[in-house]
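Peer 1: Mind looking over this structure? Questions follow.
FYI, it's all coordinate maths here, none of it is from the lab. A quick note: this is a predicted structure, and the numbers were derived from the prediction, not measured. In this analysis, Cβ positions are derived from the backbone assuming ideal geometry, glycine residues included, and neighbour counts consider all displayed protein chains.
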Amino acid sequence: MALDGIFLHFLTQELAHEAIGARVEKVSQPSREELVLSLRSRAGTYKLLLSVRSNSPRLHFTQHAPDNPQTPPMLCMLLRKALVGAVLTGIRQAGLDRVVFLDFDASNEIGDRVHPCLCMEIMARHSNIILLDEHGVIIDAVKRIDATKSSVREILPGLLYELPPAQNKINLLREEGRAAYERVLMEGETLLSTALLHSLQGVSPIVCRELAFQAVGEELPVSALNLAQRERLLQALETLCNQVREGSPVPEMVLDQEGKPVDFAFLPIRQYGSLMQVQAYTQLSALLDDFYTERDRAERTRQRAQDLFHLLTSTMERITRRLNAQRAELAASEDREQLRIRAELITAYQYTLEKGAPFYDVENYYDENRPLRIPADPALSPARNAQKYYKEYRKAQTAQKVLTGQIAAGEQELQYMESVFDALSRSQSERELMEIREELAAGGYLKSRRSTKQKAPKPLPPMEFRTDDGLTILVGRNNVQNDRLSLKTAAKNDLWLHTKNIPGSHVILVTGGKEPGETSLVQAAQLAAWFSRARESSSVPVDYTPVRMLRKPQGARPGKVIYDTYRTLSVHPSEELAQRLAVRAGS
């Protein structure tokens, strides 16, 4: 991604303008590789996210701080001791390298003034957050690096911090655009964008491609540039140099045709033409927050719920294998009438049949007296062979009754597992994961992590939305909440919506006893489609019926209801609609 040194240069200026002088109120560590500093200043409050996840290292203000674990890690406790109550006095960058220092003024446990520093290195999988004292000595780090992991630089408590090795590239804060231009021309047969990447400090591949696009319009080796193209390249580099020194970024995000973020940069991106969309931002923090939030939330959920996904997947595979075996056995038992007929024919003709014969030839009076050859056990008498066929018939008859019930129960269990998997895949917080764990524990699929002495946390409320007509829509987060929402919270005259034969959330359109308008009904159906396994489909059938029509079968699993009277709408799921209609906490 494009969080390069120049982007970081502009970002540190933006963060410093907002946060210098702010006091640290709280330090959180949502995961091993993430920190959140809650800051308060006269201008307001901020949450500064520092992430060193290998695929998304960055720092920025965030409106979507991740949930915290119930027990803070030891490093978080150390950081709280060092930084809570401290004042942020400076944000500085090491040249155009992706290394940022957050300087603080604080008091230690005996009241002396100290000046700790939080160093952040943004280097893909080698990214790190390091707490330093005022002398540059390492106190601790998110990732401790010893000699077995790096022979170049160790990051361990008690060692003096050293900057990463410098790269031999042009720093546009210290050198002119012409110096960069001359360095690029030395690359010879190298493609222009690659030559720019080799020559300039603090630029990402997308920026290099954009500079090459501005100068040439296509990828060419440096040696193939004509005089006019070289002039445009020099002009592009001088413009970039002025932009860096004047602190005038033009942040833009690149999105694909479906509106999903692809890349970003601190300058306008035109290289994709009509193949991509471009969205401009006024703040770099807001761009980073939007770009990473949804992707990180999904990844964080997958990591925290990895054991649950494995449990559900293996359970569904086991149920499917069992169902396939039972269906095959049931299909085999469907020939049981032939067993009864053979037994009756042997009994009817037993006095004409010889013992020790490997088969019996008889006339089948069930089929117009056509000849029928019946396999027999030579060691048994005709009467005993008849009894054997009767026994197999009764066994097949019993199997048919038992297997029918077992298959029905297995299909219901599989549907339930699919509904839990769907709810898990849409979970966005630690609380939601915890409720799904408790649901599975109650069903005997998982051991409960909560001690019997621990007080059960208050259940999460359903998600709330407001239609354009002003009606409230409530959406369940999991099966237990679906039951509570549909059977206890909702009024009898409210409308209940659910995707037709597809796992998803229960949705309640609160009508207040009045007939809802078409706009509210369609928007509720769209939310039901979005909060289901069919959210990526273009057209999704959604059933709706008054809540009073719902029934809970005796002994049914959580989230299971039945209804006979209903209507169906086909709608298009819309993430944009879900975001627009969402009722924010406190609003």
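Peer 1: Pairwise over distinct Cα atoms, reciprocal of the mean inverse distance: report the Kirkwood radius of the chain in Å, one decimal place. Please report the intermediate quantities before stating the final value.
Peer 2: Details: mean 1/r = 0.0335 Å⁻¹.
Over the chain, the inverse of the mean reciprocal pair distance is 29.8 Å.
Peer 1: Under a plain spin-label model, where a point goes 7 Å from the Cα along Cα-to-Cβ, how far apart in nm are residue 262 and residue 275?
Peer 2: Between residue 262 and residue 275, the simple spin-label model gives 0.7 nm.
Peer 1: How many times 2.2 N^0.38 Å is the alpha carbon radius of gyration of segment 118-220? It would help to have the intermediate numbers written out before the result.
Peer 2: Details: Rg = 18.0 Å, N = 103, 2.2 N^0.38 = 12.8 Å.
Compactness ratio reported: 1.41.
Peer 1: Also: Decide, for segment 1-40, between rounded, prolate and oblate: order the square roots of the alpha carbon gyration tensor eigenvalues as a ≥ b ≥ c, take rounded if a/c falls under 1.5, and otherwise choose prolate if a/b is larger than b/c, else oblate.
Peer 2: Numbers: a/c = 4.77, a/b = 1.22, b/c = 3.89.
In terms of gyration-tensor shape, oblate.
Peer 1: In segment 329-353, which residues have a backbone nitrogen under 20 Å from the label point lying 7 Å from residue 392's Cα in the Cα-to-Cβ direction?
Peer 2: Output list for this probe position: 329-351, 353.
Peer 1: What's the longest bit of the chain with no exposed GluC sites (Glu not before Pro), using DSSP loop states and at most 11 other Cβ atoms within 10 Å as the test? The partial results should precede the final answer.
Peer 2: Numbers: sites that count: 109, 189, 218, 258, 334, 354, 368, 536.
The segment 369-535 is the longest one with no such site.
Peer 1: On each of the three principal axes of the Cα atoms of segment 460-521, give max minus min coordinate, whole Å, ordered largest first.
Peer 2: Here the Cα extents, ordered largest to smallest, are 28, 23, 19 Å.
Peer 1: A further question on this structure: Using the basic label-point model (7 angstrom from Cα toward the beta carbon), what is the residue 108 to residue 94 distance in nanometres?
Peer 2: For residue 108 paired with residue 94, the spin-label model returns 2.5 nm.
Peer 1: Can you tell me the alpha carbon radius of gyration of segment 465-587 divided by the globular rule-of-thumb value 2.2 N^0.38 Å?
Peer 2: Numbers: Rg = 13.3 Å, N = 123, 2.2 N^0.38 = 13.7 Å.
In units of the globular-protein estimate, segment 465-587 measures up at 0.97.
Peer 1: With all pairs of different alpha carbon atoms counted, what Kirkwood hydrodynamic radius in Å does segment 179-237 show?
Peer 2: Details: mean 1/r = 0.0924 Å⁻¹.
For segment 179-237, inverting the mean 1/r across all distinct Cα pairs yields 10.8 Å.
Peer 1: So what is the 222 nm mean residue ellipticity for the chain from helices alone, if each DSSP H run of at least 4 adds -39500 (n - 2.57) and you divide by all residues, rounding to the nearest 500 deg cm²/dmol?
Peer 2: Values: 14 runs with 218 residues, N = 587.
The helix-only estimate for the chain comes to -12000 deg cm²/dmol at 222 nm.
Peer 1: Sticking with this structure for a sec: At 0.36 nm per residue, minus the direct Cα-Cα distance, what do residue 248 and residue 501 gain on full extension? Give it in nm, one decimal, please.
Peer 2: Details: separation 253, 0.36 × 253 = 91.08 nm, distance 5.38 nm.
Gain on extension, residue 248 to residue 501, equals 85.7 nm.
Peer 1: Now for a separate question. I'd like the distance separating the alpha-carbon centroids of segment 215-293 and segment 331-363, in whole Å.
Peer 2: 84 Å
Peer 1: How high is the FRET efficiency between residue 160 and residue 74 when r is their beta carbon distance and R₀ equals 25 Å, given to the nearest 0.05?
Peer 2: Details: r = 23 Å, r/R0 = 0.92.
Efficiency computed from Cβ-Cβ geometry: 0.60.
Peer 1: Taking 8 Å as the Cα distance limit and 6 or more residues as the minimum spacing, I'd like the relative contact order of segment 274-405 as a percentage. The partial results should precede the final answer.
Peer 2: Working: 100 pairs, mean separation 32.0, N = 132.
Worked out over segment 274-405, it gives 24 percent.
Peer 1: May I ask you to compute the full-extension gain from residue 487 to residue 81, defined as 0.36 nm times their residue separation minus their alpha-carbon distance, rounded to one decimal in nm?
Peer 2: Values: separation 406, 0.36 × 406 = 146.16 nm, distance 4.77 nm.
Gain in length upon complete extension: 141.4 nm.
Peer 1: Right, here's the next one. Relative to the Cα centre, what is the charge dipole magnitude of segment 259-372, using +1 at the beta carbon of each Lys and Arg, -1 at the beta carbon of each Asp and Glu, and rounding to the nearest 20 debye?
Peer 2: On the way: 16 positive and 18 negative charges, 136 e Å.
So the magnitude is around 660 debye.
Peer 1: Between residue 538 and residue 334, what is the FRET efficiency for a Förster distance of 41 Å, r being their Cβ-Cβ separation, to the nearest 0.05?
Peer 2: 0.55
Peer 1: Would you kindly state how much longer the chain becomes between residue 239 and residue 219 on full extension, computed as 0.36 nm times their sequence separation minus their alpha carbon distance, in nm to one decimal? Don't skip to the answer; put the middle values down first.
Peer 2: Details: separation 20, 0.36 × 20 = 7.20 nm, distance 2.04 nm.
Computed gain between residue 239 and residue 219 is 5.2 nm.
Peer 1: Also, quick follow-up: Two-decimal Rg/Rh of segment 351-395 from alpha-carbon positions, Kirkwood Rh? Display every interim value, and only then the final one.
Peer 2: Details: Rg = 11.0 Å, Rh = 11.2 Å.
Taking Rg over the Kirkwood Rh, I get 0.99.
Peer 1: For segment 240-326, which trypsin sites (Lys or Arg not before Pro) pass both filters: DSSP loop (anything but H, G, I, E, B) and at most 16 other C-beta atoms within 10 Å? Write out the running numbers ahead of the final one.
Peer 2: Details: sites: 245, 270, 295, 297, 300, 302, 304, 318, 321, 322; in loops: 270.
Here the sparse-neighbourhood loop sites are 270.
Peer 1: For the pair residue 565 and residue 310, how long in nm is the line joining their label points, each one 7 Å along Cα→Cβ?
Peer 2: Taking the two extended label points, one gets 5.0 nm.
Peer 1: Measure nothing fancy, just the Cα-based angle from helix 5-19's long axis to the longest principal axis of the chain, in degrees from 0 to 90, nearest 10.
Peer 2: Tilt of helix 5-19: around 80 degrees.
Peer 1: So for segment 94-147, what are the equivalent ellipsoid semi-axes in whole Å, largest first, each being the square root of 5 times an eigenvalue of the Cα gyration tensor?
Peer 2: Details: eigenvalues 110, 37, 12 Å².
Output for segment 94-147: semi-axes of 23, 14, 8 Å.
Peer 1: How large is Rg over Rh for segment 195-334, taking Rg from the Cα atoms and Rh as the Kirkwood inverse mean of 1/r across Cα pairs?
Peer 2: Details: Rg = 25.4 Å, Rh = 19.4 Å.
Ratio value, two decimals: 1.31.
Peer 1: Cα convex hull of segment 389-540: how many Å³ per residue?
Peer 2: Working: hull volume 27.2 nm³, N = 152.
Expressed per residue, the convex hull around the Cα atoms of segment 389-540 is 179 Å³.
Peer 1: Mean shadow of segment 38-138, computed from the convex hull of its alpha carbons, in nm²? Numbers along the way, then the final one.
Peer 2: Details: hull surface 31.3 nm².
Mean projected area of the Cα convex hull: 7.8 nm².
Peer 1: With +1 on each Lys and Arg Cβ and -1 on each Asp and Glu Cβ, and nothing else charged, work out how big the dipole of segment 67-161 is about its Cα centre, in Debye to the nearest 20.
Peer 2: Numbers: 10 positive and 12 negative charges, 67 e Å.
Its charge dipole is roughly 320 debye.
Peer 1: Of 393, 172, 511, whose Cα points farthest to the positive end of the dipole of the chain (charges on the beta-carbon: +1 Lys, Arg; -1 Asp, Glu; origin at the Cα centre)?
Peer 2: Looking along the dipole axis, the top candidate is 393.
Peer 1: Shape call for segment 277-361 from the C-alpha gyration tensor, a ≥ b ≥ c root eigenvalues: rounded (a/c under 1.5), prolate (a/b greater than b/c) or oblate? Please list the in-between numbers first.
Peer 2: Working: a/c = 9.14, a/b = 5.22, b/c = 1.75.
Since a/c reaches 1.5 and a/b is larger than b/c, the shape of segment 277-361 is classed as prolate.
Peer 1: Something else: Counting only C-alpha contacts under 8 Å and six or more residues apart, can you give the relative contact order of the chain as a whole percent?
Peer 2: Numbers: 1014 pairs, mean separation 45.7, N = 587.
Relative contact order of the chain: 8 percent.
Peer 1: Another question, then. Relative to the Cα centre, what is the charge dipole magnitude of segment 361-400, using +1 at the beta carbon of each Lys and Arg, -1 at the beta carbon of each Asp and Glu, and rounding to the nearest 20 debye? Walk me through the intermediate numbers first.
Peer 2: Working: 7 positive and 6 negative charges, 64 e Å.
Magnitude of the dipole: close to 300 debye.
Peer 1: So which chymotrypsin sites (Phe, Trp or Tyr not before Pro) in segment 480-587 end up in coil per DSSP with only 16 or fewer other C-beta atoms within 10 Å?
Peer 2: Numbers: sites: 496, 530, 531, 544, 563, 566; in loops: 531, 563, 566.
Answer in residue order: 563, 566.
Peer 1: Now for a separate question. Determine one quarter of the surface area of the Cα convex hull of segment 289-429, which equals its mean projected area, and express it in nm² to one decimal. Intermediate values should be presented prior to the final figure.
Peer 2: Working: hull surface 52.1 nm².
Seen from a random direction, the Cα hull of segment 289-429 projects 13.0 nm² on average.
Peer 1: Using 10 Å bins from zero, what percent of all Cα-Cα pairs in segment 521-587 falls into each bin?
Peer 2: 19, 38, 33, 9
Peer 1: Determine, at each q value in 0.11, 0.17, 0.27 (inverse angstroms), the log₁₀ of I(q)/I(0) that the Debye formula gives when each Cα of segment 5-82 is one equal point scatterer.
Peer 2: These q points yield log10 I(q)/I(0) values of -0.29, -0.70, -1.35.
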